[in-house]
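Input: a single structure, listed below in structure tokens.
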Amino acid sequence: MKTIDILVILFGLATGSFLNVCAARLPLKRSVLWGRSQCPVCGHQISWYDNIPLLSFVLLKGKCRYCKAKISLQYPLIEAFSALVTYALYLKFGLSITAVFYGIFIYFLIVIGLIDFKTKLILNRLLIPLFTAGVLLNFFGEIIPFKDALSGAFLGGGIMWMAAILGAKIFKKEAMGMGDVKLAFVAGFFLGWQHILLALYLGFVIALLFILAIWLFKKKEAPSLIPMGPFLALGFIVYLFYGKLLIQWYLSWLS
């Protein structure tokens, strides 16, 4: 493994640590740039040597140094996942503005998914800067033809809006929040109209598999309100890397 590969992975780990901070603080309207991290149980400030991505979790055996409370597996898992997708972006796009474009997209999706899973909220203060960054990077980098990106945004948002309307009529209650509609709008800009429909479909398939897993393994009904953000986000990420392979597999299966 070359030095650049190691640096990219380390950058991904550090980014994952920051994404955990964002997911924890943004719903509370706390600054993600200032203030030391604290143990959520005892409130003790976490020293830098206890905040090294992955390594500190292993050395501390998954427990707080001071109160011995268990550290959520979310932290090392998000750090590892961030490192994985960062390295995958590097392998796919190299050190390019395209990698930055999709890297920002994925990092925001991770935070959006985590927050929605915990709070059932998709925050505008994440969607607006994500969309703004996408427009600016695409303007200067010409990653996706602007017409295709804008068409993808309206197509993705429109499909999800119609799904929300139909769901409300069928189930006689809100089946999908407007946050999901806005997330599909922003994702459509990053993916383009050619890909947003299949990416949305993949997100719904992942959500369905999650519901089936709850029913099969826990022997109970799925929660009445399931946040779609995490599943849509995961669907977008998986499609970004494996969309062409999935399409080829599906077409070969049909034939």
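Quick notes
- Any hit, segment 36-57, residues being closer than 21 Å to V238 by Cα, of a type in the set (A, V, I, L, M, F, W, C) and not assigned by TED's automatic domain parsing to the domain that holds Y239: no
- Selection status of V58, surrounded by fewer than 20 Cβ atoms within 10 Å (Cβ to Cβ), modelled with pLDDT of 95 or more and part of a helix (DSSP H, G or I): no
The values are calculated or read from the model by the stated rules, or taken from the named source; none is laboratory data. These figures come from a predicted structure and were not determined experimentally. Heads up, the Cβs are rebuilt from the backbone with ideal geometry, glycines too, and the neighbour counts pull from every protein chain shown.
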